[in-house]
Amino acid sequence: MAVKTPTKQAAAKSTPKNGVSKNGAAKKQSKQWVFLFNDEKGVDKIAKSWSAVRELLGGKGAGLFDMTRKGVPVPPGFTLSTEVCDAFVAAGNAIPKEAWDQALAAMTVVEKQTNKKFGGNTPGQRPLLVSVRSGARESMPGMMETVLNVGLNDVTVEEMVAITKNPRFAYDSYRRLLMMFGATVLGIDDEKFDEPMNHLKAKKGLKSDTELTTDDLKSLVQTFKDVIKHETGHDFPQDVYEQLRECAMAVFRSATGHKAKTYAKQMGWKSTLPTAVNVCTMVFGNMGDDSATGVAFTRDPSTGEKKMMGEYLVNAQGEDVVAGIRTPKPIAEMAHEMPKAYKQFMSVTGMLEKKYQNMQDVEFTIEQGTLYMLQTRNGKRTAKSAIKIALDMAKEKLITKEEAIKRVTPADVDFLLHPQFDENQIKSAKDEGRVLASGVNASPGAASGMLAFDADLAQQWGSEGKAVILLRPETKPDDVHGMVASKGILTARGGATSHAAVVARQFGIPAVCGADLLQINMTDRTVTAGGHTLHQGDWVSIDGAKGVSYIGQIPMVNPSFEEQAELVTLLKWADEISAQNTRKDEAGKPRRGLQVWANADYPKDAERARSYGAKGIGLCRTEHMFFETERLPIVQRMILAKDEGTRHQALDELLPFQRADFAGLFKAMSGLPVIIRLIDPPLHEFLPSQEELIKEVTRYETKRHYDSLGEEEYRDYQKKLELLSAVSAMHEQNPMMGLRGIRLGIMIPGLITMQVRAIFEAACDVKKAGSEPMPEVMIPLTGHVNELKKVQPELERVAKDVMAEKGVKVKYKFGTMIEVPRAALTAGEIAEVAQFFSVGSNDLSQLTFGYSRDDAERGFLLKYVEDGILPANPFQKLDQTGVGRLMGLAIREGRKTRPDLEFGICGEHGGDPDSIDFCYRNGNDYVSCSPFRVPIARLAAAHAALTHGVKTK
Ligand code: PEP
Ligand code: MG
């Protein structure tokens, strides 16, 4: 039955339909702040789309509204919208009068719907009890503010006793209200309530809360009232409307409180989100053995397996499951224990999953055999589960492949490629008896760290850069700041849907929960299990996928990408999307999406990159090979050579090394382009440091002054002296802006001609052996086209000579890096010579901002980011407005001159999803990043195509 909103009823009495009063004066139509769960008309009028409904009612409110609309059994109730929250904050924490009046009117409607009375204390009149819960637009698992049983007081509790003939239930409900109201609304520490309850249980030798008698509960009710009076100076409010108002205010306050801020920061949101307040008729899972309460996921949130995963507790209220206070039963058991309700539950949840086309996280209560749904939302899931569910749902044709790709985040992919424990090391730990305790495999991943027994310490240690494992009996929303600062979480109580598990999965933190053998002593800060006692600060390791904790630190290994079959398939789909013509080029012709190449210096890196799906090598930093022990002395000889003959001799010695390096790369990347960059860094990087040399020389001179030097020492002294004089002669104040890149090539041409010869000799040899090398020679740090004009023709001549000598032809390109702003500004001229551009965004950011990339991060840059002067570290995230603008200029001007100009990026930004999105829009052909980031970049490139791309098929 559709029930009119009280707002409309009230409005209908006071204002004619069109908002104009009888005497003709325009009257302001009142704003609707409050929505009954079945107020379809009211919601539809304001919120035109599902996302607008969520925006208005919050995720939880939207779910309750939508379930009601679909005929799912939901207890009647209403939602104070997120707009009330905004108004509450704007008014300095006050609920607008109009909104509160509407809430009161809504309560009257709910009373009619349920045939109960809020605060009902007349004999025979059934009191209406409600739950009050928060719910922002985005669900924030583990953050929920909840107060149950609002509406109980000293009188209504007796009415409940009379009606239910179940005094135990009535007083159990009352003591819960006092606890939750005390903690959530009044901010009293939970321990103040837990302690007397645990004390009573211990005194009577009880294990479970359910064993408490009516008298025990009555005495606890009194104790809890005393706690409230003692802690706040006020009595617990007996006026039920005051209870309701206080609860609503507490929820609204929580939206901008410390916990919400921590959460928002962790999620990378710009600000906290306003929350709605949901007031829902209480149904009771604690009304005896035909009642229960539970939470469930329609698919496994840990592994993604397609099977209902959840837990329930007979004769309990919701908080018991979520807080992990009692260990619940797996949902499958409900099929035997409550078959009728289970069947209905499975059908309702199946329908919800289909409707939302997503895995649902539901809460339910069975009151004396009748099922009620209290929540449905898209469930949070681990990276592994996100990928499996997306893939399975696409295969089940519930969603498209494109949607599947959109649902997986770059962070999910990143997580799956995180290091895991070395299996051999795990075996040794087991053999050595270092298993601490087992529990539920609540959130996968491996972590080692020092035990911290409370969230504040975990946060402090985390901020000092220490690896922390947070150990708690169970976690609560107040612990979130410490949880997110930890590498892993270990709890003694609670299951796979406990607070710790839900939050850990949300943030990708490995967690083992409910390891009930752990005996935690919070006073001494020790934990005992299996005959071992550990202290705060001791190292432990946790395996969140298997649910085991170990004593000490267990070494890790990188996971195998190829073995992650689901990820491999998903990324194949991502590549298919990127391969489509989703963009237009400068001439308006269709152009494919962005490719992902890799930065790799050695054949083994190139092999990894290829196996991770790279479509080319975007940067091989040749100088890295110069640092190897047998080569460095030759390089130094080459640099210090006093005559051309000595220099050439050294270069001749280096050539075979380089040729072998390049041959390996070409073989590994046969059929794909390999960009090899000619030497770039200032030469002093290959020589001993001037400071060290001065120290050595001074030491010898001091010794010589007082004593004499031995023959050996004297020789070494002379050598160091000579080296010092050479190094001093080469010293530059700003070497990063000095003799490096193409400037080096101009000053020491023999060095780069040797490199080009090595490249082409290798390419010809490899081609002869049956591979298909595709070398692209990259000249770094060009600032003026004349530099290229001087260098490139000579190098091309070397390439041709080598191919003629070898009698082999290979496809090749010569191009340059865009790293100096002037190169970007004059890209049109530079493209006359260069056949490709690759943006060296590390140097381009350095030179555009004028920040030294080596020093800025140590100095002011982090403060700049913290204070919001810069939105992000420009060496990690491309500065799209400044550096990006130069990239835009470079590609447009370059392609005006040379329409087929290949354009890529090979700085650190090539692996950052936001920067990749920019590169897609900029028209780049590829991004190049470290091999480990290739899978993430492939997904990000497909995301960019799906977000911005024009579908051509
Ligand atoms: C760059 O500057 O972005 C680049 C890739 O070169 P390097 O980091 O080697 O200077
Ligand atoms: Mg550079």
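Put simply, the convex hull of the Cα atoms in segment 678-821 casts, on average, a shadow of 11.9 nm². The portion of the accessible surface of the chain made up by carbon and sulfur, rounded to a whole percent, is 52 (1.4 Å probe; DNA, RNA and ligands excluded). Beyond 30 Å in Cα-Cα separation lie the following of the pairs K112/K329; K809/K877; K45/K355: K112/K329; K809/K877.
Here's the picture: a label point sits 7 Å out from the Cα of L632 along the beta-carbon direction, and within segment 676-715 the residues with their amide nitrogen under 19 Å of it are 680-697.
Using a Cα distance threshold of under 25 Å, what count of lysine pairs results for segment 654-778 when pairs must be 8 or more residues apart or interchain? Display every interim value, and only then the final one.
Working: K667/K767; K667/K768; K695/K703; K695/K719; K695/K720; K703/K719; K703/K720.
Value for segment 654-778: 7.
Inter-label distance, K589 to V568: 3.6 nm, where each label sits 7 Å from its Cα along the C-beta direction. Taking only the Cα atoms of segment 417-475, the ratio Rg/Rh comes out at 1.00, with Rh defined as the Kirkwood radius. Cross-link reach is defined here as a Cα-Cα straight distance under 13 Å, omitting same-chain residues fewer than 8 places apart; for K203 the aspartates and glutamates meeting it are E195, E211, D216. Structure shown: which of K259/K388; K384/K572; K261/K476; K265/K546; K261/K466 lie over 20 Å apart, alpha-carbon to alpha-carbon? Listed pairs above 20 Å: K259/K388; K265/K546; K261/K466. Once the Cα-Cα distance is subtracted from the 0.36 nm per residue extended length, the L200 to D454 segment shows a gain of 88.9 nm.
Nearest 500 deg cm²/dmol is fine: what mean residue ellipticity at 222 nm does the chain get from its DSSP H runs of n ≥ 4 alone, each adding -39,500 (n - 2.57), divided by its residue count?
-14000 deg cm²/dmol
Within a straight-line Cα-Cα reach of under 24 Å, K896 can be paired with the following lysines, leaving aside sequence neighbours fewer than 8 residues apart in one chain: K584, K589, K789, K790, K811, K813.
Once the Cβ-Cβ distance of Q368 and K397 is raised to the sixth power relative to R0 = 35 Å, the FRET efficiency obtained is 0.30. Computed from label points 7 Å out along Cα-Cβ, the spacing between R892 and H624 is 3.5 nm.
Three semi-axes describe the equivalent ellipsoid of segment 766-896; taken as square roots of 5 times the Cα gyration tensor eigenvalues and ordered largest first, they are 36, 17, 12 Å. At an R0 of 25 angstrom, the distance between the Cβ atoms of D900 and A579 translates into a FRET efficiency of 0.85.
Please list, or write none, the lysines whose alpha carbon is within less than 20 Å of the alpha carbon of K201, excluding same-chain residues fewer than 8 places away. Reachable lysines: K192, K218, K225. If you take the Cα centroid of segment 794-823 and the Cα centroid of segment 194-212, the two points sit 81 Å apart.
When the alpha carbon gyration tensor of segment 541-641 is reduced to an equivalent ellipsoid, the three semi-axes, largest first, read 34, 33, 10 Å.
For segment 287-436, the Kirkwood hydrodynamic radius from C-alpha pairs, put into Stokes-Einstein at 37 °C and a viscosity of 0.692 mPa s, yields a diffusion coefficient of 191 µm² per second.
How much area per residue is accessible in segment 334-485 when the probe is 1.4 Å and only protein heavy atoms are counted (Å²)?
41
Given their separation in residues at 0.36 nm each and the Cα-Cα distance between them, L862 and Q553 gain 108.1 nm when the chain is fully extended. Residues of segment 873-899 with an amide N closer than 15 Å to a point placed 7 Å from the Cα of R921 along the Cα-to-Cβ direction: 878-889. Note that segment 248-255 has calculated 3J(HN,Hα) couplings of 4, 5, 4, 5, 4, 4, 5, 4 Hz, one per residue in order, obtained from phi through the Karplus relation 6.51 cos²θ - 1.76 cosθ + 1.60 (θ = phi - 60°); glycine and proline are x. Computed from the C-alpha gyration tensor, the three semi-axes of the ellipsoid equivalent to segment 69-205 are 28, 23, 14 Å, from longest to shortest. Could you tell me the ratio Rg/Rh of the chain? Both radii from Cα atoms, Rh via Kirkwood. In the chain, Rg relative to Rh is 1.06. Only Cα sites of segment 343-416 enter the Debye sum here, all with the same form factor; the resulting log10 I(q)/I(0) across q = 0.16, 0.22, 0.28 1/Å is -0.63, -0.96, -1.26, listed in q order.
The values are calculated or read from the model by the stated rules, or taken from the named source; none is laboratory data. All figures in this text were calculated on a predicted structure; none of them were measured in a lab. When we count neighbours, we look across all protein chains shown, and the Cβ atoms used for this are built from the backbone with ideal geometry, even at glycine. Note: accessible area is taken over every heavy atom of the protein model, side chains too, but ligands, DNA and RNA are not part of it. Shrake-Rupley method; radii C 1.70, N 1.55, O 1.52, S 1.80 Å.
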